[in-house]
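> First the structure, then my questions, so here it is.
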Amino acid sequence: MNKMIISLAAASLLMADILVQAEEAPFLGKTPLVLCEYMDDMGMPGSSKYREQGDGSWACNSTRKKLPQGEPAAASDLQYRVLGSVSEPRKQILELRMRSYRAPQGVLNVFSRYVDILLKKTLNSQLSEEMYKAIMAPHDGKWQLDGHVVQLSKLRSKGAVYDLRFTLEYLP
């Protein structure tokens, strides 16, 4: 009887430890390949192969997806990347390359929808009002979400055109 109780207690501790490890895994335990396949799901084909980059880091990249909004049409585009180690993704990047300074709200709105899709797929979360406002302004922002750092960076290019980088990063 005592052996059974001890066995049950040990099994309970082991299960609790497994659950904690799963909760602490980046991007809810999704593998790099699963994250790389998000590119196709979002209409951004590219290399779904997660490859060694020559410096010990691993990555996959999408091709650039042209966005129909903006002046001139299709001037802006999106790119998605996953970065990490051989077995564990550490960072996802969705980058908007804005090439239209006239009426950018349409392009920013499309970008916010892609960010929302990425958050739902990756963390079972959604774009907050604060994040949406940062995208539409656009201005830098940084948030914590389930052990991940969510960051929006506005990168200057030339004049009124700019790039926005949305990053999901796991920090153990």
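No lab work stands behind these numbers, since they all come straight from the coordinates. This structure is a prediction, so every number in the text was calculated from the model and none was measured. Neighbour counts are summed over all protein chains in view; Cβ atoms, including those assigned to glycine, are modelled from backbone coordinates with ideal geometry.
> Do we have Gln126 as on the phi < 0 side of the Ramachandran plot and either surrounded by 20 or more Cβ atoms within 10 Å (Cβ to Cβ) or small (Gly, Ala, Ser) (or both) here?
No: the conditions fail for Gln126.
> Could you run through the stretch 30-62 and say how many residues are under 14 Å from Arg81 (Cβ atoms) and in contact (Cβ under 8 Å) with a residue 60 or more places away in the chain?
Adding up the residues that qualify gives 3.
> Can you tell me which residues in the stretch 100-137 are in a loop (DSSP other than H, G, I, E, B) and under 17 Å from the mean Cα position of the chain (by Cα)?
Asn124, Ser125, Gln126, Leu127, Ser128
> Let me ask another. For the stretch 87-95, does any single residue satisfy the condition of being of a type in the set (Gly, Ala, Ser), crowded, with 17+ Cβ neighbours inside 10 Å and either in contact with a helix residue (DSSP H, G or I) (Cβ under 8 Å, 6 or more places away or on another chain) or touching a residue at least 12 places away in the same chain (Cβ under 8 Å) (or both)? Can you show your working first?
To start, the set of residues in the stretch 87-95 that are of a type in the set (Gly, Ala, Ser) comprises 87.
From what's left, crowded, with 17+ Cβ neighbours inside 10 Å: none.
Within the stretch 87-95, not a single residue is of a type in the set (Gly, Ala, Ser), crowded, with 17+ Cβ neighbours inside 10 Å and either in contact with a helix residue (DSSP H, G or I) (Cβ under 8 Å, 6 or more places away or on another chain) or touching a residue at least 12 places away in the same chain (Cβ under 8 Å) (or both).
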